[in-house]
Amino acid sequence: MYTELFLCIDGRFIGSGPGRTSEPVENPATGAVLGELPHATTAELDEAVAAATRAFAGWAATAPFERSAILRRTAGILRDRIDAIAAIMTLEQGKPLAEAKGELTHAIELFEWLAEEGRRTYGRVVPSRAPGALEHLVLREPVGVCAAFTPWNFPALTPVRKLGAALAAGCTVILKASEETPGCAVEIMRALHEAGLPAGCAQLVFGVPADVSERLIAAPDVRKISFTGSTPVGKHLMALAAAGAKRTTMELGGNAPVLVFSDADYDAALAALTAAKFRNAGQVCVSPARFFVHESLYQRFVADAAARARALRLGDGLDPQSQMGPLANARRVEAMEAFVADAERGGARIVGGGRRRGDTGMFFEPTVVAADAPDIRLFRDECFGPILPVMPFGTLDEAIELANGTAAGLAGYAFTQAIGNRQAAMHRLRVGMVGVNTLAISTAETPFGGVGESGFGSEGGSEGLDAYLQTKLASIAA
Ligand code: NAD
């Protein structure tokens, strides 16, 4: 059911073989080895940059209509194969099949949306001050060769956000997808080439992440870096990019606050928040992370959230009965154990879950932690896993202050009917995306991105395309 793993350089698919460094890819639900992932040599990384550089002029000059047609065909191929690719994703990443299909649907829609939006990279005309001069033309041009780095939590969506926008804008790209979840990126690359993408427009490489990123970012022909992952790695890549004055888009860690006010539609809030919290076992950068619940609802919310956590069926994502899969790797399990131990030390109550489940696979129980004060790590550091920490608040100002109490600023949520609370959430939460009475903040047509230590720049929406375009002024005299 898994796929054969390849690098893709200049249109050639290169597999593992004798003499080549490779690494095993494991199924986090069982520990079974799924396949061998070839690493690119240094010479191949340089060849990937050279191929993207050679292909750039032709792709940038290709009519946006033609580029759009290729992206639409890619979307069609992926849609035809959605069941097979969803199974690949579940095998390598662990999320339940239904979630894998949902992610792929989003990724396919993103290709389609970018295919359309890429046809609308309009410039503008500014009237000239000089008598007799014709005009100033503001042109939008693709930035050039891009290097993109994507993580393991969304093995299809994060590559498509970068590949789709870069290609729609007329850029060429080298993608280093996660070595832990490479199969979806291989399938996306296959679909792009079957859809008619010319050789060299998109390459896929794998290796030791620090070595690959250092080599690609230092290459003079690479003009733009896009990274999704943790804040420390993002800062490191920004420093590498700064040495070459290269543009960056950084989608880094979140730590989303949730405010549940006393006037919230309680049942709707509880259902939406617990579903979102345990989706992808909490390994989502916009996952609701720090729960602040009005003191009048606090005890009830803790009990109800714990009941829902206990009722979740944990299991292999391939089993249609499973509602939550394993964590993606052993690092996350260790991180969850450390968060729970810290919460216990800090006097918080572990109301449900709190432990690893079984000794096969990376399963960790959906967990609810009740805390009366924010001095445990769960309220400071991003947990990126299935732990739902709750603490009470009294006033609106107190809630906003607690919510803004970390350096991250990706997403924030509020559940309330009162117009004043909605306005406060919208204007006073220091984040890049706010959901009021909803957690649906990520769609193909809307910008996705953070502020503060969550990074900068957007993916999705017309802003996502802008990230791959640069502005040129042409002033034309008579
Ligand atoms: P990590 O910091 O080791 O790696 C994060 C990602 O960056 C991985 O995909 C990894 O392959 C890649 N990476 C690491 N070093 C790199 C380098 N020098 N150059 C290029 N890429 C590099 O952490 P991890 O254990 O994989 O994940 C844990 C943390 O990462 C989480 O707590 C979460 O905060 C963050 N994370 C965020 C997202 C997101 O969507 N923003 C996704 C995955 C992980």
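Numbers at a glance
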{"quantity": "Residue among Ala289, Ala305, Ala328, Ala335 that alone is within 15 Å of the ligand (Cβ to nearest atom), under 17 Å from Leu259 (Cα atoms) and small (Gly, Ala, Ser)", "calculated": "Ala289"}
{"quantity": "Only one of Ile174, Ile188 that is among the β-branched types (Val, Ile, Thr) and part of a helix (DSSP H, G or I)", "calculated": "Ile188"}
{"quantity": "Hey, Val293 modelled with pLDDT of 95 or more and under 24 Å from Glu398 (Cβ atoms) or not", "calculated": "yes"}
{"quantity": "Condition met for Leu167 (more than 16 Å from the ligand (Cβ to nearest atom), at pLDDT 95 or above and either out of contact with any Ser or Thr (no Cβ under 9 Å at 6 or more places or on another chain) or outside any strand (DSSP E or B) (or both))", "calculated": "yes"}
{"quantity": "Filtered residues of segment 321-363 (kept if charged (D, E, K, R), surrounded by fewer than 19 Cβ atoms within 10 Å (Cβ to Cβ) and not in a strand (DSSP E or B))", "calculated": "Arg331, Glu334, Glu337, Asp342, Glu344, Arg345, Arg355, Arg357, Asp359"}
{"quantity": "Qualifying residues in segment 112-160 (those that are crowded, with 22+ Cβ neighbours inside 10 Å, among the β-branched types (Val, Ile, Thr) and in contact (Cβ under 8 Å) with a residue 60 or more places away in the chain) - the one farthest from the ligand (Cβ to nearest atom)", "calculated": "Val145"}
{"quantity": "Matching helices (runs of 4 or more DSSP H) fully within segment 207-313 where at least 1 residues are surrounded by fewer than 16 Cβ atoms within 10 Å (Cβ to Cβ) and not assigned by TED's automatic domain parsing to the domain that holds Phe379", "calculated": "209-218, 231-243"}
{"quantity": "Residue check for Thr248: near the ligand (Cβ under 9 Å from one of its atoms) and closer than 24 Å to Glu463 by Cβ", "calculated": "no"}
{"quantity": "Matching residues in segment 199-221 - criterion: being touching a residue at least 40 places away in the same chain (Cβ under 8 Å), out of contact with any helix residue (DSSP H, G or I) (no Cβ under 6 Å at 6 or more places or on another chain) and away from the ligand (no atom under 12 Å from the Cβ)", "calculated": "Ala199"}
{"quantity": "Test: Glu47 is part of a helix (DSSP H, G or I), surrounded by 15 or more Cβ atoms within 10 Å (Cβ to Cβ) and touching a helix residue (DSSP H, G or I) at 6+ places or on another chain (Cβ under 7 Å)", "calculated": "no"}
{"quantity": "Qualifying residues in segment 367-385 (those that are farther than 21 Å from Ala407 by Cα and in contact with a strand residue (DSSP E or B) (Cβ under 6 Å, 6 or more places away or on another chain)) - the one farthest from the ligand (Cβ to nearest atom)", "calculated": "Ala370"}
{"quantity": "Qualifying residue in segment 10-21 (condition: touching a residue at least 60 places away in the same chain (Cβ under 8 Å), within 23 Å of Thr105 (Cα to Cα) and among the small types (Gly, Ala, Ser))", "calculated": "no"}
{"quantity": "Enumeration of residues in segment 123-143 that are modelled with pLDDT under 90 and outside any strand (DSSP E or B)", "calculated": "Ser128, Arg129, Ala130, Pro131, Gly132, Ala133, Leu134"}
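Residue by residue, here is whether (1) part of a helix (DSSP H, G or I); (2) touching a helix residue (DSSP H, G or I) at 6+ places or on another chain (Cβ under 8 Å) holds:
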| position | (1), (2) |
| --- | --- |
| Pro24 | no, no |
| Gly35 | no, yes |
| Ala57 | yes, no |
| Glu66 | yes, no |
| Ile85 | yes, yes |
| Glu103 | yes, yes |
| Trp113 | yes, no |
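Residue-wise test of (1) touching a strand residue (DSSP E or B) at 6+ places or on another chain (Cβ under 8 Å); (2) modelled with pLDDT of 95 or more; (3) surrounded by 24 or more Cβ atoms within 10 Å (Cβ to Cβ); (4) of a type outside the set (Ser, Thr, Tyr).
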position	(1), (2), (3), (4)
His39	yes, yes, no, yes
Thr42	no, yes, no, no
Ala57	no, yes, no, yes
Glu66	no, yes, no, yes
Ala75	no, yes, no, yes
Leu78	no, yes, yes, yes
Ile82	no, yes, no, yes
Ala98	no, yes, no, yes
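The values are calculated or read from the model by the stated rules, or taken from the named source; none is laboratory data. Since the structure is predicted, the reported quantities are computational estimates derived from the model, not experimental observations. Glycine also receives a Cβ, built like all others from the backbone with ideal geometry; neighbour counts cover every protein chain displayed.
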